[in-house]
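Here is the structure we will look at.
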Amino acid sequence: MINPINLAFKNAKEKKRPALLTYTVAGDNTKKKSLEILKSISKDVDICEIGFPHNTPIADGGQIQTSAYRALKNGLKISDVFQIVNDFKKTKNSKPVILMGYYNMIYQYGENNFIKKCKSSGVNGLIVVDLPWPENKGFARKCKSKAISFVQLLSPTTSKERLKNIIKDSHDMIYYISMLSTTGGKLKVTPKQILNNYNKIKKIDPKKNCVIGFGITEKTIAKLRSADGLVVGSAICKEITRSLNNRQNPVTNVSKVVAKLKNKIS
Amino acid sequence: MKLKKKIPLIDQHDKFGFWGGKFGGSYIPETLKKPVDDLTKEFSKLRKNKSFIKKRDFYFNNYIGAPTRFIKLENLSKHLGGAQIWAKVVSDANGGAHKIYNATVHALLCKSMGKKYIVGDTGAGYAGKMLSMAAKKFGLKCKIFMGAKDIKRQKPNCDAMKKNGAEIVPVTTGSQTLVDAVSECMRYWVSNCDTTHMCVGSTVGPNIFVKICGWSTAQISRELKKQIKIKFNKIPKKIKLINCVGGGSSAYGFWSEFIDFPKSQIELVGVEAGGPKNSKLHAAPLSRGAKLGVLHGAASYVCQNNEGQINETESISAGLDYPGVSPIHCFLKDTKRARYTYATDEDALNAYKLLTKLEKLNPSLEPSHAFAEAIRIAPSLNKDTVIIVNSCGDAKKDRDILKKRLGKRI
């Protein structure tokens, strides 16, 4: 059986567009709302990245920090994150889920326990921001043995030699960080430059699905549409914040934003 | 888990950067891998380079001012009536605290890597002040990340930073203290690592920063070892080296030359911030049994909850107000080479009061924690025991807090 993540890319490719990946923080702004958001955007999204919020996030910009603090302030626990995934996966239109977060939470939960829980709640992949290669080899292997994709990250600073090694050890999907930035920074390189680097990665292994993330918004997404997949995170978190500030329903507003994003790459 | 002899502690890690197999490492985003690798290569090259060492020593001697004094606290010793108490007055150093060693070395490294911008975090403001001084000295553009709460409580150091031409970036997330300043500084570095060098203000963070900082502050114990031999003609049979521990940079620097000595001869005592007497919050991960966790790129004992969220800390001393601690102190704790305890805010204030009444010394609230422990144990020890406290910072920065807590007498 084809892995759900690979299937999502295959489906998108058949429609001649990149896969659309969204990032939302579990529990932002409440457990219920974040599940509603997932359910609502699911029709336009190919893969859902769900962040497990940490209160000392060293690689996230302001928007995602705000979302994470909001979720934590509302008392979100790791068990809630798994519950949200579990509930989401039970819905008809659910999509593959990739959890994204920082290593300390996995460490405190216990690597094996964490993976087991991922498996039982239907998580398909994991991104651990502060567990780089080669330190992540052991953990990645454990994930693979339970059919969970460990997503390796690549950045503009990754050397050619390193690129080769990381790609060799990667699973179904790799994630190219578009620029030197935390999440949600203003795009400070041209889409052309990003795609140049992206193509170098694809050349090393054309079969690997490679997504581009960081700094992608409604304005920039169309120019990157030749990639296998594109991740939008901060723009969505920002919309949740904006909606809450204006006392509007984040579910409807975020769904509109995601539909627009989808429209730009279809 | 075992300590090795004749190898500096900062070098006793495995190929992934772990001390004792589990403390330290480099838990960093992929983007920082290259700058961290570049820095690691540069540092390992330079520390073997004779002309670089000569340059370092030149600035240590002529800019920082080496050696700092080693003095007996006659009145305090007499007053307590037990062990003799000495102080290594590291606050004599240019700028008033040990942070100048690390800052100077980082500025030299930044220059030799051809970077023009340097950024750093600060809690008490000393790391920031010193980095701004070193940046000015070596012609670098400097940005300092500091918690908004700390900016308020350590104003004199902020004034100094501004005077040195550094930009202070207030950090308003989380508890608005050192932990948030370090996070924000690391975020800034992620975004600007191609042009900018980052200085971590203590022996914390990814492996290489622990090493650079420890290598820099080790100057303190190199001086002290010579000074002890001059004063006593030999190394006395019973010494206790007492130092406050926040991140742990001054403690490592104070101890590094003495780690190979038997514990029965030279005891290493680290004093953490116990926070207000009746508060549940503290900044004492080692002495109050915090669990191992990952914070700011390294595994160490960390004040955190069961879910791995970092706890808020509380201490009167901004420099010790940090939920994590250096991996090398975790290693020293678990190998039982050093003993760790804590002093409360009140203990530190009382120690400060007694010390300034009896001696011509004005230690900041950080070393006042160490003095509190010295005052506690000295009476029950005999006079052949030599207690040495690292007076690693000057109290000028604490002017406002001391005035508020102790009234007009300061």
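Coordinate-derived values only; no laboratory data. What you are looking at is a predicted structure, and each value in this text was computed from that prediction instead of being measured. Neighbour counts are summed over all protein chains in view; Cβ atoms, including those assigned to glycine, are modelled from backbone coordinates with ideal geometry.
Loop-located trypsin sites (Lys or Arg not before Pro) in segment A:49-104 (DSSP state other than H, G, I, E, B) with a sparse environment of at most 11 neighbouring Cβ atoms within 10 Å: A:92. What's the FRET efficiency of residue B:155 with residue B:346 using the Cβ-Cβ distance as r and R₀ = 22 Å, to the nearest 0.05? Using R0 = 22 Å, I get an efficiency of 0.45.
Hey, got the dipole for the protein assembly as shown? About the Cα centre, +1 on K and R Cβ, -1 on D and E Cβ, debye to the nearest 20? Could you put the intermediate results ahead of the total?
Numbers: 115 positive and 55 negative charges, 221 e Å.
I would put it at about 1060 debye.
Measuring max minus min along each principal axis, the C-alpha atoms of segment B:167-245 give extents of 53, 29, 24 Å (largest first). Normalising by residue count, segment A:86-159 has a Cα convex hull of 98 Å³ per residue. Just going by the charge dipole of chain A, with Lys and Arg at +1 and Asp and Glu at -1 on Cβ, which of A:48, A:8, A:25 is farthest out on the positive end? Value computed over the given set: A:8.
Compared with the rule-of-thumb size 2.2 N^0.38 Å for a compact globular protein, segment A:86-127 has a Cα radius of gyration ratio of 1.21.
Quote to one decimal, in nm, the extra length available between residue A:160 and residue A:86 on full extension: 0.36 nm per residue of separation minus the C-alpha distance between them. Numbers along the way, then the final one.
Values: separation 74, 0.36 × 74 = 26.64 nm, distance 3.88 nm.
Extra length from residue A:160 to residue A:86 when fully extended: 22.8 nm.
Exceeding 28 Å between C-alpha atoms, which entries from my cross-link table qualify? They are A:117/B:2; B:226/B:383; A:117/B:149.
Values: A:117/B:2 36 Å; B:226/B:383 22 Å; A:117/B:149 39 Å.
The pairs that break the limit, which is 28 Å between Cα atoms, are A:117/B:2; A:117/B:149.
What is the distance in Å between the Cα centroid of segment A:122-176 and that of segment B:183-232? Between the Cα centre of segment A:122-176 and that of segment B:183-232, the gap is 31 Å. Between residue B:380 and residue B:312, the contour length at 0.36 nm per residue exceeds the alpha carbon distance by 20.9 nm.
Over segment A:93-152, calculate the relative contact order: mean separation of alpha carbon pairs under 8 Å at least 6 apart, over the residue count, as a percent. Intermediate values should be presented prior to the final figure.
On the way: 63 pairs, mean separation 24.0, N = 60.
With pairs under 8 Å counted, the relative contact order is 40 percent.
Cβ-Cβ distance of residue A:246 and residue A:43, R₀ of 30 Å, FRET efficiency by 1/(1 + (r/R0)^6): the value works out to about 0.80. Size of chain A: Rg and Dmax of its alpha carbons, in Å, are 16.9, 50.
Evaluate E = 1/(1 + (r/R0)^6) for residue B:167 and residue A:219, where r is the Cβ-Cβ distance and R0 equals 30 Å; express this FRET efficiency to the nearest 0.05.
Details: r = 30 Å, r/R0 = 0.99.
That pair, residue B:167 with residue A:219, gives E of 0.50.
With Cα atoms as the point set, the radius of gyration and Dmax of segment B:205-251 evaluate to 13.3, 40 Å.
Modelled this way, with points 7 Å down the Cα-to-C-beta line, the labels at residue B:74 and residue A:196 are 7.2 nm from one another.
Each Lys and Arg adds +1 at its Cβ and each Asp and Glu adds -1 at its Cβ; summed about the Cα centre, segment A:4-265 shows a dipole of about 740 debye. The average projected area of segment B:253-410, computed from the convex hull of its Cα atoms over all directions, is 10.4 nm². For segment B:200-343, the relative contact order comes to 26 percent (Cα pairs under 8 Å, sequence separation of at least 6). When the Cα convex hull of the protein assembly as shown is projected onto planes of every orientation, the mean area is 29.2 nm². One Cα centroid belongs to segment B:83-155, the other to segment A:228-266; the line between them spans 43 Å. The Cα atoms of chain B cover 57, 46, 46 Å along the three principal axes, with the biggest extent listed first. Size of segment B:122-268: Rg and Dmax of its alpha carbons, in Å, are 17.8, 53. Computed packing ranks the peptides B:361-369, B:23-31, A:222-230 as B:361-369, B:23-31, A:222-230, most packed first, by mean other Cβ atoms within 10 Å.
Cα convex hull of segment B:1-116: how many Å³ per residue? Intermediate results must be reported in sequence, preceding the final value.
Numbers: hull volume 21.5 nm³, N = 116.
Cα-based convex hull of segment B:1-116, divided per residue, equals 185 Å³.
The distance between label points at residue B:112 and residue A:266 comes to 5.9 nm (points 7 Å beyond Cα on the Cα→Cβ vector). Here segment B:334-373 is scanned for amide nitrogen atoms under 20 Å from the site 7 Å beyond the Cα of residue B:399 along Cα-to-Cβ, giving B:352-353, B:356-357, B:361-368.
Between residue B:54 and residue A:13, the distance separating the two model label sites (each 7 Å from Cα on the Cα→Cβ line) works out to 6.1 nm. Inverting the pair-averaged 1/r between distinct Cα atoms of segment A:1-146 gives 15.7 Å as its Kirkwood hydrodynamic radius.
Arrange B:232, B:261, B:371, B:145 by Cβ neighbour counts within 10 Å, fewest through most, would you?
Placing the least packed residue first, the sequence is B:232, B:261, B:145, B:371.
Select from B:61, B:233, B:164 the residue whose mean-square fluctuation is largest in a Gaussian network model of chain B (Cα-Cα springs shorter than 10 Å). For chain B, modelled as a Gaussian network with Cα springs under 10 Å, the answer is B:233.
Quick one: compute the contact order of segment B:294-390, relative version, from alpha carbon pairs under 8 angstrom and 6+ residues apart, as a percent. Write out the running numbers ahead of the final one.
On the way: 88 pairs, mean separation 19.4, N = 97.
After rounding, I find 20 percent.
Positive end of the dipole of chain B (Cβ unit charges, origin at the Cα centre): among B:169, B:299, B:59, the Cα lying farthest that way belongs to B:59. Evaluated at q = 0.09, 0.12, 0.15, 0.20 Å⁻¹, the base-10 log of the normalised Debye intensity for segment B:54-173, with identical point scatterers placed on the Cα atoms, takes the values -0.31, -0.51, -0.71, -1.00. A straight chain from residue B:16 to residue B:225 at 0.36 nm per residue would run longer than the Cα-Cα distance by 72.1 nm.
Remark: mean inter-chain Cβ contacts per residue of B:285-293 equal 1, using a 10 Å Cβ-Cβ cutoff to other protein chain atoms.
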